[in-house]
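Only one structure is covered here, and it is reproduced in the block below.
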Amino acid sequence: MGARFPTAVSGCAVESAGKNAGESAVRSTTRSAADGADTADCALQVEELCVSFGAARSKIAALDRLSFRLRRGEIGCLLGASGCGKTTALRTIAGFLRPESGCVHIDAQCVASPQQWTEPERRGVGVVFQDYALFPHLDVAGNVGFGLRRHTAAQRAQRVREMLELVGLPGSGARFPHELSGGQQQRVALARALAPAPSILLLDEPFSNLDPDLRERLALDLREILKRAGTTALLVTHDQYEAFALADRVGVMQAGRIEQWDTPYRLYHQPATREVADFVGLGAFLPGVVEHRDGRSQVQIELGTLPIHARTDQAIAGAAANTRGEVLVLLRPDDVVHDDASTLRAQVVRKAFRGAQFLYTLRLPSGATLLALVPSHHDHAIGESIGIRFDADHVVTFDVQETARTAH
Ligand SMILES: Nc1ncnc2c1ncn2[C@@H]1O[C@H](COP(=O)(O)OP(=O)(O)O)[C@@H](O)[C@H]1O
Ligand SMILES: [Mg+2]
């Protein structure tokens, strides 16, 4: 993977009074796993968890020192491609798999390590499985009340009513799973998992069986339900939009580890590694040179000069650069603005209609390409030269020694 040393610089070109104003530009990797959360604030703490499958010679490491922390009431998400270890992480936290090393703490209690073990039913963990796993022979009330065996019949009925109201299905207790749509079944599965008031709710790709149109809306609904109930939740998915719509913090996973554990905004605008930049969103990497003048730092790229904000730790800014000051600068499509008045021109080489916007692939005079999102009433032909300028809150630079490639 090479030396990964991105620099996240806030307040470039346009001084942001928004999302990250006042935040010092520190590298995300240094704060990624712990994020300053005290153990006492943590509902879930996963430390250096290793899980593997198979016998000695054909061993597959599904989790390779996985670490992250989730505060009480927070919604976290593990985001990654199929096979990166998401389900294994959930199963280990729930208590269906034993770790080889590392530990899982729930509410500051170690529930799983090579030395310590708490049975799954004593962990206070609720799970919503990928296929919902509703009991087909039980009605909705029977499904939702299933885990409430210690309650009296009256308490159970009351809790089932509350849960069905919470998930937006009041009065549907007598219906059967086969009479419900996919989205409704998903809500029943959620009500069932929430009914015993778990410390943590785990959700494995909860929307994967639903229409893509429904997913983002349901993700927002689910977020509202979880926040209303004050539940700490960990979701796993391969879908970036689901992760971003639902979670407060997202961990981008690769090969059993977390590359970066951060807010969706920072994952997108301040990716800690090239892998994260590639996995989350579109973008292009352009060569640049870091310069220091009059106590200020800037990055010179073909599009012009990008000033590095004064708050930036300049030692960090310089660290991505080689001895000649060369870096690669990540430009997201929304960092590149179409402006007829700009003297900087780029040629349209590809275009994709996205409804409200076109995604243009543009070629700069040097031959380098970048992406730009442009309102779709600016309908330019392939081969045409259009004016552009750079406009972003953050400039993210990477080590040039890494193989250059375009995020897509
Ligand atoms: N029960 C198992 N036996 C053997 N290998 C497994 C088992 N479960 C998962 N794996 C392997 O562990 C890796 C991670 O799997 P998984 O956690 O299911 O990934 P994800 O949920 O991200 O798709 C994969 O290589 C998978 O083939
Ligand atoms: Mg899975």
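Throughout, read-outs are computed from the coordinates displayed, never taken from laboratory work. Computed from a predicted structure; not experimentally measured. FYI the Cβ positions are ideal-geometry reconstructions off the backbone, even for glycines, and counts take in every protein chain you see.
Pick from Ala61, Ala372, Ala94: which residue has the top mean-square fluctuation in a GNM of the chain where Cα pairs under 10 Å get a spring?
The residue that fluctuates most here is Ala61.
Using every Cα-Cα pair within the chain, state what percent have a distance larger than 39 Å.
Of all Cα-Cα distances in the chain, 29 percent exceed 39 Å.
Spelling out what I want: for every residue of region 292-307, take phi, set θ = phi - 60°, compute 6.51 cos²θ - 1.76 cosθ + 1.60 (Karplus), and round to whole Hz; glycine and proline get x.
Each residue of region 292-307 in turn: 10, 9, 6, x, 10, 10, 8, 10, 9, 10, 4, 7, x, 9, 10, x Hz.
Which one of Gly295, Gly281, Gly251 has the biggest mean-square fluctuation once the chain is modelled by GNM with Cα springs under 10 Å?
Maximum fluctuation in the GNM of the chain, among the listed residues, is at Gly295.
Counting other C-beta atoms within 10 Å, which of Ser297, Ser58, Ser199 has the fewest, and how do the rest follow? Each step should come with its number before you reach the end.
Numbers: Ser297 22, Ser58 7, Ser199 16.
Arranged by neighbour count, lowest to highest, Ser297, Ser58, Ser199 become Ser58, Ser199, Ser297.
Of Gly281, Val236, Gly304, which is farthest on the positive side of the dipole of the chain, counting Cα position, with +1 on Lys and Arg Cβ, -1 on Asp and Glu Cβ, and the Cα centre as origin?
Working it through, the farthest residue towards the positive pole turns out to be Val236.
Using the Karplus curve 6.51 cos²θ - 1.76 cosθ + 1.60 with θ = phi - 60°, work out ³J(HN,Hα) for each residue of region 359-365 in order, rounded to whole Hz, and write x for Gly and Pro.
Listing the rounded values in order: 9, 8, 9, 10, 10, 7, x Hz.
Send over the semi-axes of region 179-300's equivalent ellipsoid, whole angstrom and largest first, taken as the square roots of 5 times the C-alpha gyration tensor eigenvalues.
Semi-axis lengths for region 179-300 are 37, 16, 12 Å.
State, to one decimal in nm², a quarter of the convex hull surface area for the C-alpha atoms of region 282-401, i.e. the direction-averaged projected area.
The orientation-averaged projected area of the Cα hull of region 282-401 comes to 8.0 nm².
Taking every DSSP beta bridge that has both residues in the chain, what percent is antiparallel when rounded to the nearest 5?
Just about 80 percent of them are antiparallel.
Of Met163, Met253, how do they rank once you tally other Cβ atoms within 10 Å and put the fewest first?
Ranking Met163, Met253 by Cβ neighbours within 10 Å, fewest first, gives Met253, Met163.
Return the whole-Å distance between the Cα centroid of region 341-388 and the Cα centroid of region 192-212.
A separation of 41 Å, based on Cα centres.
For region 203-253, would you read off the P(r) tail past 16 Å as a percentage of all alpha carbon pairs?
Working: 403 of 1275 pairs.
The proportion of pairs with Cα distances above 16 Å equals 32 percent.
Antiparallel versus total DSSP beta bridges in region 40-270: what percent is that, nearest 5?
Taking every DSSP beta bridge within region 40-270, about 55 percent pair in antiparallel fashion.
Pick out, from Gln347, Gly168, Gly325, the residue whose Cα sits farthest towards the positive end of the charge dipole of the chain, with +1 on the Cβ of Lys and Arg and -1 on the Cβ of Asp and Glu.
Gly168
Taking region 43-157 as the region of interest, what is the percent of Cα-Cα pairs per 5 angstrom bin, listed from the shortest bin to the one with the maximum distance?
2, 10, 17, 19, 17, 14, 10, 7, 3, 1, 0, 0
Could you please rank Lys227, Lys351, Lys59, Lys86, placing first whichever residue has the fewest other Cβ atoms within 10 Å of its Cβ? Walk me through the numbers before you get to the answer.
On the way: Lys227 14, Lys351 19, Lys59 11, Lys86 26.
So the residues, fewest neighbours to most, are Lys59, Lys227, Lys351, Lys86.
Among Gly126, Gly288, Gly83, whose mean-square fluctuation peaks in a Gaussian network model of the chain (Cα, cutoff 10 Å)?
With Cα springs under 10 Å in the chain, the top fluctuation among Gly126, Gly288, Gly83 is at Gly83.
How big is region 40-270 along each principal axis, measuring the range of its Cα positions in Å and listing the largest first?
51, 40, 37
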